[in-house]
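As structure tokens, the structure follows; a few thoughts come after it.
Just so you know, all these numbers are worked out from the coordinates, no wet-lab data involved. All figures in this text were calculated on a predicted structure; none of them were measured in a lab. A quick note on method: Cβ atoms are made from the backbone with ideal geometry, for glycine too, and the neighbour counts reach across all protein chains shown.
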């Protein structure tokens, strides 16, 4: 099966320039392509995951990825999909974020022996002379056309700074630079980047007379059209220090029935024929089996098979009467800690992002100790509640913690 057909069957391809030519390039040649990642945090999150999978599928088919980190463009901030201006980051913050992101990319993309490149657009954007840039790049753009772009129109009502207005030019210049220096002929990205990507293909054509290509992939959304990866505590991060492996696993274990097939296609390498066979017969208990497969495969990709097995075992211990209770997320307390309120213990161990959030959960009846609902925000657990040195605290229906009494 051709790589282009597989990408379509999995639901990746949303829009493409010169689709027949792209199909021929991907199926019959070996090309260099790129995807940009703005380093606005020191970890990638689920929103980046689908782009990384897009890269990995094409690399497996013999194409060379360039992961472009926006050390330069992040100093401006992409207005795409935003109703307000992004927070301004310092150069030091951006450098720190880039270092964190580099470690995560290699889970899905092979950077060994030059099989993929990781570059930072700060290396060429930060040294540009502004007047030269305006003459070389700005002269090639029509303000009228830029104002018609969806990502610009969205912001005009609330106000768009001139700083952000330059973002499209800088992203277009990235494509020109990568084409001239690395032979890069295609940009991939989320569908919200379409206008910026077309600007890049147009700039390369105007400057070099050569045709390059752009292809957007679907954003990872649920059946209601909302972006996936949002949790009570914020984004679903790929860094286990920000989102625990167990919580990461449980997020995918609990996706809506309507979303499980879509997720299997987009963010796992499970054979597409097997997924489509499941899709044709999926009903009843089979949804649970599909969700277990999804949770395990996604967790294995990001955190490794060993961590995925531990998370799977913890879930089985809590919800299916099997597995190993020691693999459940654990909070260790001493007898001295029992002088604190349950709210204090849970807040100190990041069960709640803040005490205010914890207080609200308890008052609304969303916290249980050994299946007993707790409604008193000053509640203290006692030694009598421990069974074999541990008790179970439940937050909502799905989040369970083993509180272990240590001596």
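Things worth noting here:
- Convex hull per residue volume in Å³, alpha carbons only, for the chain: 170 Å³
- Computed over segment 292-393, the ratio Rg/Rh where both radii use C-alpha atoms and Rh is Kirkwood: 1.02
- Mean Cβ count within 10 Å, highest first, over the residues of peptides 309-315, 344-350: 309-315, 344-350
- Between 0 and 90°, nearest 10: helix 19-28 axis offset from the chain longest Cα axis: 80 degrees
- Going from the residue with the fewest nearby Cβ atoms within 10 Å to the one with the most, 252, 194, 124 rank 124, 194, 252.
- In terms of the mean number of neighbouring beta-carbon atoms within 10 Å, the peptides 8-21, 173-186, 274-287 order highest first as 173-186, 8-21, 274-287.
- Taking the DSSP bridge list for the chain and keeping only pairs wholly inside it, about 45 percent are antiparallel.
- Neighbour-count ranking [beta-carbon atoms within 10 angstrom, fewest first] of 219, 188: 219, 188
- Helical mean residue ellipticity (222 nm; -39500 (n - 2.57) per DSSP H run of 4+; nearest 500) of the chain: -13500 deg cm²/dmol
- Packing-based ranking of 44-55, 206-217 yields 44-55, 206-217, ordered from highest to lowest mean Cβ neighbour count within 10 Å.
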